[in-house]
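No value in this document is a laboratory result; all are computed from the given coordinates. Since we're looking at a predicted model, the values are computed, not measured. Cβ atoms come from the backbone with ideal geometry, glycine included; neighbour counts cover every protein chain shown.
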Amino acid sequence: MAAKQAAGFRPGAAYEKHPRVAIRHEAFGGLAYHYDHRRLVFLKSAALVDVVESLAEFPTAAATLSARAPEAQARACAAALPALLAADVIRVRSADGPAASVREEDFPCQRP
């Protein structure tokens, strides 16, 4: 199903970061953690993190890339979006608008 979902990525469609995904900024880019299936996804550049976090602010993925991805990294960011859709890091945005995001403080680590 993931390959089918990635193949269904359309740059002209509206997307958003999945509301059950939290992104932690790192020196190399970021880590995206999905709270439902506990999958960790590496975002390999700060530009990609910015694109993913900004998707809900723009009418289409292509518009987000044009506005937020540096020209030198736009192609790499665009190539990553179908895989992020397949991994449930991003999703098609509903007509109702962007969903509320998960915050790290909503799910504190439980330490012994």
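Amide H contacts under 5 Å for A13: A61, A62, restricted to partners 5 or more places along the chain or on a different chain, H placed in the peptide plane at 1.01 Å from N. Across the range 5-53, counting alpha-carbon atoms alone, Rg and Dmax equal 11.5, 31 Å. Here the residues F42, F58, ranked from fewest to most Cβ neighbours within 10 Å of their Cβ, fall in the order F42, F58.
Spin-label model, R39 to A83: label points 7 Å out along the Cα-to-beta-carbon direction sit 1.2 nm apart.
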